[in-house]
């Protein structure tokens, strides 16, 4: 499953020239500040905006090819859209909304798959209501269900959470995680919220002022401090895959394993999976030359510095790989050993005389654990 | 209760029938024209807009005169309709209905157009991504969402055509039982010596009708809003 986009578009004061390829399924973040052209790009894939030049392709299915004069009508593109403003049909019940696309699609989803989507979204009680009687979170769940039930080849989510408050966001996120883990459909997720990127997405396309700046796996991209000044609210950090190994409800902690490193995090309840994803912001990591004792931080990781980069302002970004063995830096490059980033002041850096290959300790002040953590 | 003479009852029923037929026959055209004006982008849109609104500002007598020229039995169009469909407008209640329909047409178009323009364009885009074609979108979204406007337009047009005088009397004259609607009956009563009381009765009746029409229109809108909210 792949999505290929290479388009140019010119509109008065706005120039868009984007190119990216998403080779795998999963969620891809289309990340950038407001006005960077994210929504325009998504509308081009959906067919709602026509590019001036270029091509758009999903698998072997060419949606747009300027040179060959191909421009498929929206309804033949098999894209499912969830818009920021839900766009539910106000005069139709939730049930009618949900099946609006399914009824018009000759390639229907099998009954049991339809049912599993409806079950997952928890909307059985809302079926006969009109959209105006739903909460913001419920509306987005119905909009998500409506798009999924139309059995699209790709799902385009245009800031589906941005109109919701924090509590409602937390209510929707698990549904998106379920989608990522249980449906084999590529998802393009437009957002300017880095925490949503870290929690949900596998790939990342960074866009600013109509240009794609970088594309890559979210594990690589989030560590790139060079994107910070360009992409607005980009907040450098590290996303690490981890596994839950044990829990201690009495002590209210859970133990994780990331590579060969043990980590302690606040108690995680009873998750559906033992696979979780950790998000550590670079500014939440301190560096110590000797292992600190009598300190409140629970996670102190022996690491080796691989790279030190200047960042704009008075800070530096220190990239470190797990472990202090002699060939740690080499292993980090070749075998994908986990890396972690710290943002510290230049003053701290020169005071500690930090340099590449130096063995130090990363003190993690706080870590966000993302995963399917619903009690069900 | 004021008692009406048989002739007055006849005028009342005739008025209701003519207005009813006028509105019902004009409705599909009004929806089509309003859709074209609200959603269409084509050359000559402004000219269509102007033509539709012309009856609002033209003197009704001129409207009647134009109809006479166009639909008289000796006019090409009128003659053709008469020979092919046996449809004769002059001196006939159908002619009164035609005149009423044209004069009240702008009221329908305006109300429908307004409600069409209020429909969020994003809904059409959403429907399109879900596989709905243009005609499908029109019947599944446009029409139901514009329903309040359509009903309000129909009722306003009905009330307006009940009061049409100039175009009717010019086009189809004042034939008792055929084209003498309420306003024409009032006019006739005023022209007749000793007809003041009859004129007053009929005028009161007209006021009552207009008032009922407005109430119904409000009630219909209220119902629709309540249904949309539940």
Q) Given the structure, is residue A:42 in contact with a strand residue (DSSP E or B) (Cβ under 7 Å, 6 or more places away or on another chain), assigned to a helix (DSSP H, G or I) and closer than 23 Å to residue A:10 by Cβ? A) yes
Q: Please name all residue pairs, on different chains or six or more residues apart, with Cβ atoms under 7 Å, provided the first residue is in the range A:4-30 and is on the phi < 0 side of the Ramachandran plot and the second residue is assigned to a loop (DSSP other than H, G, I, E, B) and at pLDDT 90 or above.
A: A:7/A:51; A:8/A:51; A:8/A:52; A:9/A:51; A:9/A:52; A:10/A:52
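Among helices (runs of 4 or more DSSP H) lying entirely in the range B:116-230, which contain 1 or more residues that are within 14 Å of chain A (Cβ to nearest Cβ)?
On the way: elements: B:121-129, B:134-137, B:143-162, B:166-172, B:182-191, B:196-229.
Once the helices (runs of 4 or more DSSP H) in the range B:116-230 are filtered for at least 1 residues that are within 14 Å of chain A (Cβ to nearest Cβ), what remains is B:121-129, B:134-137, B:143-162, B:196-229.
Could you list, in sequence order, the residues of the range B:80-113 that are in a helix (DSSP H, G or I) and surrounded by fewer than 16 Cβ atoms within 10 Å (Cβ to Cβ)?
Initial filter on the range B:80-113 (in a helix (DSSP H, G or I)): B:80-85, B:93-113.
Residues satisfying the conditions are B:80, B:83, B:84, B:85.
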Q | Residue under evaluation residue A:163, criteria (1) within 14 Å of another protein chain (Cβ to nearest Cβ); (2) buried (at least 24 other Cβ atoms within 10 Å of the Cβ); (3) touching a helix residue (DSSP H, G or I) at 6+ places or on another chain (Cβ under 7 Å), criterion not met | A | (2)
Q: For the range A:223-235, indicate whether the set of residues that are at pLDDT 90 or above, closer than 27 Å to residue A:327 by Cα, in contact with a helix residue (DSSP H, G or I) (Cβ under 9 Å, 6 or more places away or on another chain) and not in a loop (DSSP other than H, G, I, E, B) is non-empty.
A: no
Q.
If I filter the range A:147-160 for residues that are within 13 Å of chain B (Cβ to nearest Cβ), assigned to a helix (DSSP H, G or I) and in contact with a strand residue (DSSP E or B) (Cβ under 7 Å, 6 or more places away or on another chain), do I get at least one hit?
A. yes
Q) Which residues, taken from the range A:340-369, are assigned to a loop (DSSP other than H, G, I, E, B) and either closer than 18 Å to residue A:291 by Cα or modelled with pLDDT under 90 (or both)? A) A:352, A:353, A:354, A:355, A:357, A:358, A:365, A:366, A:367
Q. Assuming residue A:63 fulfils every condition listed in (1) within 13 Å of chain B (Cβ to nearest Cβ); (2) touching a residue at least 24 places away in the same chain (Cβ under 8 Å); (3) crowded, with 17+ Cβ neighbours inside 10 Å apart from one, which condition is it?
A. (2)
Q: Identify, by number, the condition in (1) at pLDDT 85 or above; (2) part of a loop (DSSP other than H, G, I, E, B) that residue A:337 doesn't meet.
A: (1)
Q. Got a number for residues in the range A:66-80 being within 14 Å of another protein chain (Cβ to nearest Cβ) and outside any strand (DSSP E or B)?
A. 7
Q.
Quick check on my filter: what residues within the range A:90-112 are more than 9 Å from chain B (Cβ to nearest Cβ), in contact (Cβ under 8 Å) with a residue 24 or more places away in the chain and in a helix (DSSP H, G or I)?
A. A:94, A:95, A:97, A:98
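The values are calculated or read from the model by the stated rules, or taken from the named source; none is laboratory data. Computed from a predicted structure; not experimentally measured. Here the Cβ is made from the backbone with ideal geometry for all residues, glycine too, and neighbour counts use every protein chain on show.
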